[in-house]
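The values are calculated or read from the model by the stated rules, or taken from the named source; none is laboratory data. Source: prediction; values computed, not measured. Please note: Cβ atoms are built from the backbone with ideal geometry, for glycine as well, and neighbour counts cover all protein chains shown. These accessible areas exclude ligands, DNA and RNA; they are computed on the full protein's heavy atoms, side chains included. Shrake-Rupley method; radii C 1.70, N 1.55, O 1.52, S 1.80 Å.
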Amino acid sequence: MRASLLQIAVDSDESVDNRRERVAALVRAERGVADLVVLPELWPMGAFAYEAFAAEAEPLKGPTYEAMAAAARDAGVWLHAGSIVEAVGTLGTPALYNTSLVFSPDGELVASYRKIHRFGFDKGEAVLMAAGEDLVTVDLPRLTVGVATCYDLRFPELFRGLVDAGAQAFVIPAGWPARRRAHWTLLAQARAVENQAYVLACGTAGTHAGVEQAGHSIVVDPWGEVLAEAGPGEEILRVDLDPAKVATTREQFPALKDRVLGR
Ligand SMILES: O=C(O)CCC(=O)C(=O)O
């Protein structure tokens with residue numbers, strides 16, 4: 001199974017419409033190349049473009065949904081389309097969620113995930129958005145994938161919950177800042193090792209709202225080996241995954257069976 005992580009440059013000087021078209025073309029270009037394509041968090045406007053959240057918010061089935069459903073279908077790929085600012089409710093001020101969308105190769109929405117841990121402490125996403133509550137897994141052919149978003153990476157109990165729900169891999173779109181890149185790489189490897197699962201973590205490049213993005217999207221195998229890592233700029237990371245490696249790793253080093261707490 002081949003996965004392509006599209007580490008998109010999210011710069012303030014590109015319009016959302018332009019980026020949406022550009023990203024759809026990049027997804028289409030993966031036809032015959034990838035089985036699974038992954039996009040980053042909030043790539044339409046950028047994870048730190050807080051002042052644009054309300055203006056760019058869309059219903060679940062809004063312009064990004066339409067563009068990505070069509071792109072997945074045209075490419076014939078499973079598409080984790082990263083996340084959008086989802087507006088729920090039309091009267092007064094709608095609730096906003098950081099919502100990930102996953103499409104099948106025929107362009108059907110097979111899962112959506114509302115980010116549970118909101119970033120920003122007392123500002124930004126933490127005050128502008130509502131928190132999701134539900135763990136989400138998706139059954140791909142031969143691989144069950146658990147989904148999480150950016151700051152979620154810091155909360156190991158979420159990933160253990162996803163393992164208990166059957167996850168063999170985690171797909172993590174992000175808009176991680178450059179100044180905490182060391183945490184990103186370390187945490188991606190930690191989540192893979194402790195859960196004996198693949199980690200596919202896809203970040204953004206570029207600079208928006210004055211925040212330089214880390215890039216350095218990364219794919220880690222269930223043994224903790226880094227299979228591929230991007231540089232800081234826009235880049236496509238392609239990697240072959242072996243779903244059997246999860247079972248083999250868990251059988252040969254059965255640490256998950258020795259859990260005492262939280263079962
Ligand atoms: O945890 C971090 O350092 C970055 C998190 C973040 O940027 C986000 O969740 O949008």
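How much length, in nm to one decimal, is gained on full extension between Leu186 and Asp134, taken as 0.36 nm per residue of separation minus their Cα-Cα distance? Taking 0.36 nm per residue and subtracting the Cα distance, the gain is 16.2 nm.
Taking Lys123, Lys257 and ordering them by how much accessible surface each has at a 1.4 Å probe, largest first, produces Lys257, Lys123. Sorting Leu261, Leu36, Leu187 by accessible area puts them as Leu261, Leu187, Leu36; the probe is 1.4 Å, largest comes first, and only protein heavy atoms count.
With R₀ fixed at 35 Å, the C-beta to C-beta distance from Val226 to Asp164 puts the FRET efficiency at about 0.85. By the helix-only formula, in which each DSSP H run with n ≥ 4 contributes -39500 (n - 2.57) and the sum is divided by residues, the chain has a 222 nm mean residue ellipticity of -7500 deg cm²/dmol. Calculation over all alpha carbon pairs of the chain in 10 angstrom steps from 0 returns a P(r) of 8, 34, 38, 17, 3, 0 percent. Modelled spin-label separation between Lys123 and Glu21, with each label point placed 7 Å from Cα along the Cα-to-Cβ direction: 3.5 nm. Note on exposure: Lys245, Lys61, Lys115 ranked by accessible area (1.4 Å probe, complete protein assembly) read Lys61, Lys245, Lys115, with the most exposed listed first.
Computed from label points 7 Å out along Cα-Cβ, the spacing between Arg2 and Asp240 is 1.0 nm.
Per-residue surface analysis assigns Met129 an accessible area of about 10 Å², computed on protein heavy atoms at 1.4 Å probe radius. Count charges around Pro94 for me, please; just the other residues with Cβ under 13 Å from its Cβ, Lys/Arg as +1, Asp/Glu as -1. So the environment of Pro94 carries a net charge of -3. Over the chain, Cα pairs under 8 Å with separation of 6+ residues give a relative contact order of 20 percent.
For Thr99, the accessible surface of its heavy atoms amounts to roughly 0 Å² (probe 1.4 Å, protein chains only, rounded to the nearest 10). Remark: region 218-223, residue by residue, has Karplus-estimated 3J(HN,Hα) of 8, 10, 10, 8, x, 8 Hz, where x stands for each Gly or Pro and the curve is 6.51 cos²θ - 1.76 cosθ + 1.60 at θ = phi - 60°. Mean separation of Cα pairs under 8 Å and 6 or more residues apart, divided by the residue count, gives region 1-61 a relative contact order of 47 percent.
The residues of the chain expose on average 42 square angstrom of accessible surface per residue, using a 1.4 Å probe on protein heavy atoms.
How big is the accessible area of Asp242 in square angstrom, nearest 10, if you roll a 1.4 angstrom probe over the protein chains? Its heavy atoms expose roughly 70 Å² to the probe. Share of carbon and sulfur in the accessible area of region 112-157 stands at 50%, probe radius 1.4 Å. With a simple spin-label model that places each label point 7 Å from the Cα along the Cα-to-Cβ direction, the separation between Glu108 and Ala247 comes to 2.5 nm. Averaged over residues, the count of other Cβ atoms within 10 Å places the peptides 37-44, 72-79 in the sequence 37-44, 72-79, highest first.
Mind checking which lysines have their Cα closer than 30 Å to the Cα of Lys257? Skip sequence neighbours fewer than 8 apart in that chain. Lys257 reaches Lys115, Lys245.
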